[in-house]
Amino acid sequence: MNLEFTPEEQAFRDEVRAFIEENYPKHLGDVGLREDLSREDFLAWHKVLGEKGWSVPAWPVEYGGTGWTPTQRYIWSEENARVNAIMPLPFGVSMVGPVIYTFGSEEQKARHLPGIRSGEVWWCQGYSEPGAGSDLASLKTTAVRDGDHYVINGQKTWTTLAQYADWGFFLCRTDPDAAKPQEGISFILVDMKSPGVEVKPIKLLDGGYEVNETWLTDVRVPVENLVGEENKGWTYAKFLLAHERSGIAGVARSKRGVEKLREIAANETLDGEPLIDDLDFARKVSQLEIDLAALEITELRTLAGEQAGKGPGPESSILKIKGTEIQQRLTELTLEAVGSYSAPYYGSIANDTGSNEYPIGPDYAHDSAATYFNMRKTSIYGGSNEIQRNIITKMILGL
Amino acid sequence: MDFNFTEEQDMVRDGLSRLVREQYDWETRRAAIESDAGWRPEIWAQLAELGILGMPFSEDVGGFGGGAIDAMIVMEEFGKGLVVEPFVPTVVCAGGFLKHAGSDAQREEHLSAIIGGERVFAFAYAEPRGRYDYADLETTAKKDGDGYVLNGHKAVVIGAPWASHLMVTARTGGDRRDREGVSVFIVDKSADGIVTRDYETVDGRRASEIYFENVSVPADALIGEEGAALPLIEQVTDEAIAAQCAEACGAMKVAHAMTVEYSRQRKQFGVPIGKFQVLQHRMVDMYTAYETSVSLTYLATIKLDAGEKERKRTASAAKVGVGQAARLIGQEAVQIHGGNGVTDEYAIGHYFKRLTIFESEFGSVDHHLKRHVSLS
């Protein structure tokens, strides 16, 4: 047992910190809500990292990975969180990329992996449907073989940032007569510019447009876009979800969030004293830090297991549950710290033509309510936290 | 012991319930809050016509002789429909100040206009750095001849864009945060030197930042005694707390019912999700939180006329208990609605947002827990 970083790891930290300081796009600043970003903003850092060869650290070296140890990857994410960096989106890098290099054909690897690495190709995920959320395997979108093509029909929902997507990976039913619903599903790559693909934005309760409904009507997709074997898509989907879960903990980002919360609470006052000196409030911040420390070491233990050759297994559900609970708690405490100035809807103020001579509340208040509302999604997406508990019940407790 | 309402009160509830159901349906509400005005003056006129705006006032000032229980009934029904019209700022707060401390002339001038729906008030008490302490004031009112001159900045004044008049707290003496030296003024919003910045709030209402720059008001703008208004402000805000707790109860009742109904309709794994015990028990916890909130709201409402200490303790108890329930019910309702819960399209998200902002009005859970401790 040793939690100290080695001199080599310290040197690595210095190296990546210097690289980030020198190369992180300055114009991105310290953004709050991601949905305010443009397509170019999302891709700016990704493209820099693509050129450096650091955009897909976790991939095997032969596909462009950096060969970093889990500890180095952890240092990397910490250093990025320090500047609240807009990291490469997960849909290509953490989701479809690993599926393609693990289960895809040589042709698929050659065609798709370079664009994911460089950030030139934007991917989206077509999993959930209006009637298939937690019960994903009940999905109804069909892909019917017609000569050299599949013809896809159906409706997907919660397709995150599909408005910018070039390609999507879709779970489709290819065998409606399979014995179990999981057995008739295939994993198919779809060019989002194909005729019959329609993306409609969904307005969320924070006022933003982050997710979409994606309609597929007689979309013809060449059969070579099938990943792996027909009707084996569920296996790949589960593989992908386990990868998605381990990234979902967001430890480094939450650590940065706690620092920011402390800054806010130092600026806010209660009875003329800094709010952070109020014992009631300070206790809540400490409790959050304790929970975060526990999560951090749990994640490191999982990473160490990975390093020893164990893939991310059902214990990654712990990371998802605790990670999202902490992210949500952070937004609750920020709301509490901000107080009355959480109420203004800054979406309406940003659009008004009035004078900026009279600012409304401190800058850190502007996203506080929107972020709190927005982050309720985290215990719902990526397999709801109820589903994560079911996974632990079944896979770990054996009940 | 009697938890029954009078026949008149039941009639008022039924009437309001019908009004909200028939004229405040979801699409109409959405159109109204997204319109330039952001509210429906015609609904306000109707409330005046029905006598709702005059209910908590005695008959000698043109009211209907009701009290806090009537305000509670009104706000509970408004909470069910997420009614945005400014009953609390105008009737409960401004009306409360006038009722408790207004001179005959002030009542004459303002109360009948409030009851008649012609005059809308906002209550400008919060300041950028005041955090729920009504005495933590940087706004000043300096004696100037017969009148006063106001300077300062009031924050997040709910309903101010719709108001013609303001109740304003300001310091006439003492140091910032002193309990002495706090006064309340009735100010015409069109007075020279008032600058406002209007905006929407995240829960569908409107508010303003209000800047007072050498605003002259006459001597009779002062309500109650100069420099001794803090106990009055606390009384009025305790009344506002009771009314808003009732509003939250109405909103929680609907949020819970919507969630139970959703769990009946929404099928996953071949069954309605309401069949899963994990969700059943959580909806039971929501229900329990709602029922205990109703109890705390009754208690706070009934004790508004009790001794000062008891009134304060029960108002704070309600704000703590209902605040906690509002957070629990709002969050769980969204969670059980899944992805639909975080969309703008589903009503549940709007109930969640209102229940969120409820906590930061008139003092947070932490603030009132401390106040309760200080009175123990």
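Tabulated data
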item: Selection count, region A:358-396, where residues are modelled with pLDDT under 90 and facing chain B (nearest Cβ under 9 Å); result: 3
item: Among residues of region A:242-282, those that are under 30 Å from A:VAL99 (Cβ atoms) and acidic (Asp, Glu), counted; result: 1
item: Residues located in region B:174-193, provided they are surrounded by fewer than 18 Cβ atoms within 10 Å (Cβ to Cβ) and within 26 Å of B:ARG107 (Cα to Cα); result: B:GLU180, B:ASP188, B:SER190, B:ALA191, B:ASP192, B:GLY193
item: Long-range neighbours under 8 Å by Cβ, at least six apart or interchain, first residue more than 8 Å from chain A (Cβ to nearest Cβ) within region B:126-138, second basic (Lys, Arg) and surrounded by 21 or more Cβ atoms within 10 Å (Cβ to Cβ); result: B:GLU127/B:LYS154; B:LEU137/B:ARG171; B:GLU138/B:ARG171
item: Residue among A:GLU120, A:GLU40, A:GLU51, A:GLU107 that alone is surrounded by fewer than 17 Cβ atoms within 10 Å (Cβ to Cβ), outside any helix (DSSP H, G or I) and among the charged types (D, E, K, R); result: A:GLU120
item: Residue match in region A:300-318 (condition: at positive phi and without any contact (Cβ under 8 Å) to a residue 24 or more places away in the chain); result: yes
item: Only listed residue being under 25 Å from B:PHE64 (Cα atoms) and not assigned by TED's automatic domain parsing to the domain that holds B:GLY67, chosen from B:LEU166, B:LEU111, B:LEU98; result: B:LEU166
item: Hits in region A:285-339 (condition: small (Gly, Ala, Ser) and over 30 Å from B:TYR125 (Cα atoms)); result: A:SER286, A:ALA293, A:ALA294, A:ALA304, A:GLY305, A:ALA308, A:GLY309, A:GLY311, A:GLY313, A:SER316, A:SER317, A:GLY323
item: The one condition in (1) in a helix (DSSP H, G or I); (2) out of contact with any His (no Cβ under 7 Å at 6 or more places or on another chain) that B:LEU232 fails to fulfil; result: (2)
item: The lone exception for B:ILE348 - which of (1) aliphatic (A, V, I, L, M); (2) under 29 Å from A:MET375 (Cβ atoms); (3) more than 10 Å from every other protein chain (Cβ to nearest Cβ) it fails; result: (3)
item: Search result, residues across region B:216-236 that are crowded, with 22+ Cβ neighbours inside 10 Å and closer than 16 Å to B:ARG313 by Cα; result: B:ILE233, B:VAL236
item: Residue satisfying all of: in region B:351-376; more than 8 Å from chain A (Cβ to nearest Cβ) and either farther than 18 Å from B:ALA317 by Cβ or of a type in the set (Gly, Ala, Ser) (or both); surrounded by the fewest Cβ atoms within 10 Å (Cβ to Cβ) among these; result: B:SER376
item: Extreme residue, nearest to the chain's Cα centre (by Cα), among residues of region B:147-199 that are among the basic types (Lys, Arg) and within 14 Å of chain A (Cβ to nearest Cβ); result: B:LYS154
item: All positions within region A:124-141 that are small (Gly, Ala, Ser) and away from chain B (no Cβ under 12 Å); result: A:GLY126
item: Strands (runs of 3 or more DSSP E) completely within region B:70-187 that count 1 or more residues being not hydrophobic (A, V, I, L, M, F, W, C); result: B:140-144, B:147-158, B:165-171
item: Any hit, region A:66-74, residues being in a helix (DSSP H, G or I) and either over 22 Å from the mean Cα position of the chain (by Cα) or modelled with pLDDT of 95 or more (or both); result: no
item: Leading residue by the ranking (surrounded by the most Cβ atoms within 10 Å (Cβ to Cβ)) among those in region A:189-217 that are part of a loop (DSSP other than H, G, I, E, B) and among the aliphatic types (A, V, I, L, M); result: A:LEU205
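Conditions (1) modelled with pLDDT of 95 or more; (2) within 11 Å of chain B (Cβ to nearest Cβ), marked per residue:
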site: A:GLY305; (1), (2): no, no
site: A:SER317; (1), (2): no, no
site: A:GLY323; (1), (2): yes, no
site: A:TYR345; (1), (2): no, yes
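The values are calculated or read from the model by the stated rules, or taken from the named source; none is laboratory data. All of these numbers come straight from a predicted model, not from anything done at the bench. Every residue, glycine among them, receives a Cβ derived from its backbone with ideal geometry; neighbour counts consider all protein chains shown.
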